[in-house]
Amino acid sequence: MSLFHVKPFLLFILLPLFGSSQISTIWLKDQLIPAPKKIDSAVLEWNSQQEKYISLSENAKQWLYWTNYTRKDTLRFWDSAVAPILLTFPELEGKYSISLRLELYKHESLSLFSLNEDLLNTAQAHATDIANSKIKPGHVSSNGTGFSDRMKPAGIKFCAAENICVGNHSTLLSLVLLFLDIDLPELGHRKNLLSPIFTDLGIGVAVLKDNSLFSVQDFSCPQQH
């Protein structure tokens, strides 16, 4: 468990390549964050076999673990992670949690994400850029470069998307909030995380000046080179 301090979560969704952006803000009280006690050794083994895994920060490793934990067994993710968090924060319950439960219960296991070096570089560069600049967190870099322009140098020409969030240091809570997509009717974060089309993932995490975490997930399907 980890202690979550009173600060907002800002959830940013960029719909697939060249799409539009949506923002939701969620405030939660100080609470201990429940987390599954049993570690999934198969997920850890998959993650650790990725070539760039050792270079990830601890926060990025947590993002990869919980994201692939979800992909391996969506029903288990609801029962062991989402449901306990909803009990801790009942204000999160409503039509979005109901739709998420239905979505997770109907899904079969999905392929685990593989780390993509180019996506890792773009995600971390964007996270670092935002943390070092004075602009508000978003999909646009400090020099005005948008998501699609950041993808092109990485060789990502189609089938890509980006999730961004600003929150405190519980990665699992941040991920659950992305899945809930409260006040984001198009459910873009959730769709990205559960998409069977996306196979590659890049993660970037940086600490903002107020000590909150700015986290970036870049997704893509295999590219034709």
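Considering ILE197, ILE182, ILE203, which residue is over 16 Å from VAL166 (Cα atoms) and among the β-branched types (Val, Ile, Thr)?
Values: ILE182 fails: over 16 Å from VAL166 (Cα atoms); ILE203 fails: over 16 Å from VAL166 (Cα atoms).
The unique qualifying residue is ILE197.
Pairs, please: C-beta under 7 Å, at least 6 apart or cross-chain, first residue in contact (Cβ under 8 Å) with a residue 60 or more places away in the chain and in the range 124-152, second surrounded by fewer than 17 Cβ atoms within 10 Å (Cβ to Cβ) and among the aromatic types (Phe, Trp, Tyr)?
Close Cβ pairs (under 7 Å, with a partner that is surrounded by fewer than 17 Cβ atoms within 10 Å (Cβ to Cβ) and among the aromatic types (Phe, Trp, Tyr)) amount to SER148/PHE18.
Inspect the range 199-214 for any residue being within 16 Å of the chain's Cα centre (by Cα) and part of a loop (DSSP other than H, G, I, E, B) and give the result as yes or no. Don't jump to the end; show me each part of the working.
Initial filter on the range 199-214 (within 16 Å of the chain's Cα centre (by Cα)): 199-207, 212-214.
From what is left, the residues that are part of a loop (DSSP other than H, G, I, E, B) are 199, 212.
Within the range 199-214, one or more residues are within 16 Å of the chain's Cα centre (by Cα) and part of a loop (DSSP other than H, G, I, E, B).
Would you mind stating whether THR67 is open to solvent by 30 Å² or more (accessible area, probe 1.4 Å) and either within 27 Å of PHE158 (Cα to Cα) or among the β-branched types (Val, Ile, Thr) (or both)? Outline the logic, then answer.
Values: open to solvent by 30 Å² or more (accessible area, probe 1.4 Å): no; either within 27 Å of PHE158 (Cα to Cα) or among the β-branched types (Val, Ile, Thr) (or both): yes.
Here the answer is no, as THR67 does not meet what is asked.
Regarding LYS72, is this residue more than 23 Å from ASP183 (Cβ to Cβ), surrounded by fewer than 18 Cβ atoms within 10 Å (Cβ to Cβ) and not hydroxyl-bearing (Ser, Thr, Tyr)? Write out each step before concluding.
Details: more than 23 Å from ASP183 (Cβ to Cβ): yes; surrounded by fewer than 18 Cβ atoms within 10 Å (Cβ to Cβ): yes; not hydroxyl-bearing (Ser, Thr, Tyr): yes.
When the stated conditions are applied, LYS72 passes them.
The values are calculated or read from the model by the stated rules, or taken from the named source; none is laboratory data. Treat the numbers as computed from the prediction; the structure is a model and nothing was measured. We place every Cβ from the backbone using ideal geometry, glycine too, and count neighbours over all the protein chains shown. Remember, those area values only see protein heavy atoms, side chains included, never the ligands or the DNA or RNA. Shrake-Rupley method; radii C 1.70, N 1.55, O 1.52, S 1.80 Å.
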